[in-house]
């Protein structure tokens, strides 16, 4: 007879993400986030596998591909949030007159220092994308790809949809995967340089 501890261990082993998924996201320093990303990625693979079942109606397959797309967007958002994005802000320390040329002209000075605001884990995807673009982590083209992923991910908000949303396919998901790979590879390279 199997005791409860053995059953628990078996359940934990089943729920733990595969090492391959964790290795793919080795550039993420936060271990909890890395494991959660790996779990999400494992779920994406499950959704794709399930969607491939021809016994499912087209609407169910579309929903499975949509879920995989949403989770892919979540993984991209999590990776971008780890890019150590620092939005540079200039704060004025002091100012004054250096030299008075005339009653209508003078030379002034301003002393400023750079102040940084970190992206919080709770920051919105659009804020993260804009900060990554502003700080040149993403090029304009990469920013546009990240925005396309964000737009697809945001289709989870059913009340905001202007049309019936049942057109997800393997091809749609493959296109999102291609964009996601480019963004994730870029973040990995940036983090590798730090």
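The values are calculated or read from the model by the stated rules, or taken from the named source; none is laboratory data. These figures come from a predicted structure and were not determined experimentally. Positions of Cβ are generated from backbone atoms using ideal geometry, with glycine treated the same way; all protein chains shown enter the neighbour counts.
If you go through the range 155-167 and keep only what is part of a helix (DSSP H, G or I) and closer than 21 Å to residue 61 by Cβ, you end up with 155, 156, 158.
Just to check your reading of the model, which residue among 63, 81, 8 is at pLDDT 85 or above and surrounded by fewer than 19 Cβ atoms within 10 Å (Cβ to Cβ)? Step through it out loud before you land on a result.
Details: 81 fails: surrounded by fewer than 19 Cβ atoms within 10 Å (Cβ to Cβ); 8 fails: at pLDDT 85 or above.
Just one listed residue meets the conditions, 63.
For residue 53, the conditions (1) in contact with a helix residue (DSSP H, G or I) (Cβ under 9 Å, 6 or more places away or on another chain); (2) assigned to a helix (DSSP H, G or I) all hold with the exception of (2).
With respect to residue 100, is the statement that it is at pLDDT 85 or above, more than 23 Å from residue 151 (Cα to Cα) and either surrounded by 15 or more Cβ atoms within 10 Å (Cβ to Cβ) or out of contact with any helix residue (DSSP H, G or I) (no Cβ under 7 Å at 6 or more places or on another chain) (or both) true?
On the way: at pLDDT 85 or above: yes; more than 23 Å from residue 151 (Cα to Cα): yes; either surrounded by 15 or more Cβ atoms within 10 Å (Cβ to Cβ) or out of contact with any helix residue (DSSP H, G or I) (no Cβ under 7 Å at 6 or more places or on another chain) (or both): yes.
It is true that residue 100 is at pLDDT 85 or above, more than 23 Å from residue 151 (Cα to Cα) and either surrounded by 15 or more Cβ atoms within 10 Å (Cβ to Cβ) or out of contact with any helix residue (DSSP H, G or I) (no Cβ under 7 Å at 6 or more places or on another chain) (or both).
Considering the conditions (1) exposed (fewer than 10 other Cβ atoms within 10 Å of the Cβ); (2) within 28 Å of residue 65 (Cα to Cα), residue 181 is excluded by exactly one of them, (1).
For the range 136-156, a residue qualifies if it is buried (at least 17 other Cβ atoms within 10 Å of the Cβ) and modelled with pLDDT under 90, and the qualifying residues are 137, 152, 153. Of all residues in the range 168-194, those satisfying the criterion of being farther than 16 Å from residue 44 by Cβ and either in contact (Cβ under 8 Å) with a residue 24 or more places away in the chain or outside any helix (DSSP H, G or I) (or both) are 182, 186, 187, 188, 190, 191, 192, 194. Restricting 21, 46 to those that are without any contact (Cβ under 8 Å) to a residue 40 or more places away in the chain, over 15 Å from residue 78 (Cα atoms) and surrounded by 13 or more Cβ atoms within 10 Å (Cβ to Cβ) reduces the list to 46.
For residues in the range 103-135 being in a loop (DSSP other than H, G, I, E, B) and at pLDDT below 85, which is nearest to residue 36 (Cα to Cα)?
First, pick out the residues of the range 103-135 that are in a loop (DSSP other than H, G, I, E, B): 103-104, 119-124, 135.
Narrowing the set further to residues that are at pLDDT below 85 leaves 119-123, 135.
Numbers: 119: 19, 120: 17, 121: 13, 122: 15, 123: 17, 135: 26 Å.
Step by step, filter the range 103-135, then rank; the result is 121.
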